[in-house]
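The values are calculated or read from the model by the stated rules, or taken from the named source; none is laboratory data. Just so it is clear, the model here is predicted, and its values are computed rather than measured. When we count neighbours, we look across all protein chains shown, and the Cβ atoms used for this are built from the backbone with ideal geometry, even at glycine.
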Amino acid sequence: MRVAYRMLGSMADAEDVVQEAWLRWADGDRTDIRVPEAFLRRIVTRLCLDQLKSARLRREEYIGPWLPDPVVEPDTVDDVTLPLMLALERLSPLERAAFLLHDVFGESFDDIADSLGRDAAACRQLASRARTHVQAEKPRFPVEQSHGLEIARAFFIASRGGEIGQLGRMLAEDASFYSDGGGKRPAAGRVMRGASEVARAFAAIARLSRQGTGELIRYALVNGLPGFVTREADGMLQTTALLIDGDRIKAIYVMRNPDKLRHVEALLN
């Protein structure tokens, strides 16, 4: 599941891939398989590469900004954060696979070559190109988890109260705001950029939300970033994740698409 989700960005698609891998495992001849984990990872990787072809077409037709499905982790830090997953989206499927298998899951380039049908030198080059692209997504000044959650609490209070001055002071000058509704719920139709525009957007959201009260479910890590889970006035869940650089919020990622929140709902229940 860890490989499939990071390759595809979708929990439902990852579950389908893992199920297919299990069926192939159960129906196949396993007498010559020496390392089951490596064998299964190879199957999952190849299935994901096939799945990405249709996934990319769906993303081109997606309404508004696309974000990967949120993964809510109460106390687990994940190196594959939401900004990194967005950076992976800009890579070719082979670059994405080589980077994840080597840099995240620690596979050798010889084993990766078997999975991707390329030689080891080509896989090393694929991973190197991917690494260059994703390095820029890492914050210059990583924040401690406890401090990040404190900032998430302060942001929740300020954003729900529409305190535009306080919000502006929390944001980096080049802050960005991503809101994924998938055409199923109201959300910003584009990525908003700049502290002033982002602060005004949240002030407007706060004014609208006064017509109905949302409920804080919990503060947590969302895709490795400090954030929170809420139930909004329409009864639907929402996740908010914050990319923090030092003491400033560099990016805000809000998931509103109910299709991508079903597994979070199941987790809470």
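Can you tell which of L116, L126, L100, L94 is touching a Leu at 6+ places or on another chain (Cβ under 8 Å) and closer than 30 Å to V229 by Cα? Walk me through it before giving the result.
Details: L116 fails: closer than 30 Å to V229 by Cα; L126 fails: closer than 30 Å to V229 by Cα; L94 fails: closer than 30 Å to V229 by Cα.
Going through L116, L126, L100, L94 in turn, the sole match is L100.
For L57, the conditions (1) free of Cβ contacts under 8 Å to residues at least 12 places away in the same chain; (2) closer than 30 Å to Q145 by Cα; (3) not acidic (D, E) all hold with the exception of (2).
Within the stretch 55-79, the set of residues being closer than 30 Å to G106 by Cβ and modelled with pLDDT under 80 comprises A55, R56, R59, P74, D75, T76, V77, D78, D79.
Residues in the stretch 22-48 that are modelled with pLDDT under 95, among the hydrophobic types (A, V, I, L, M, F, W, C) and in a helix (DSSP H, G or I) were compared, and the one that is surrounded by the fewest Cβ atoms within 10 Å (Cβ to Cβ) is A26. Selection of first residues in the stretch 108-131 that are farther than 19 Å from L88 by Cβ and of second residues that are not aliphatic (A, V, I, L, M), restricted to Cβ pairs under 6 Å at least 6 apart or on distinct chains, gives the following pairs, ordered by first then second residue: A113/D119; A113/C123; A120/F109; A120/D110.
Contact map, the stretch 32-53: first residue on the phi > 0 side of the Ramachandran plot, second residue among the hydrophobic types (A, V, I, L, M, F, W, C) and surrounded by fewer than 17 Cβ atoms within 10 Å (Cβ to Cβ), Cβ cut-off under 6 Å, separation 6 or more or different chains; the map is empty.
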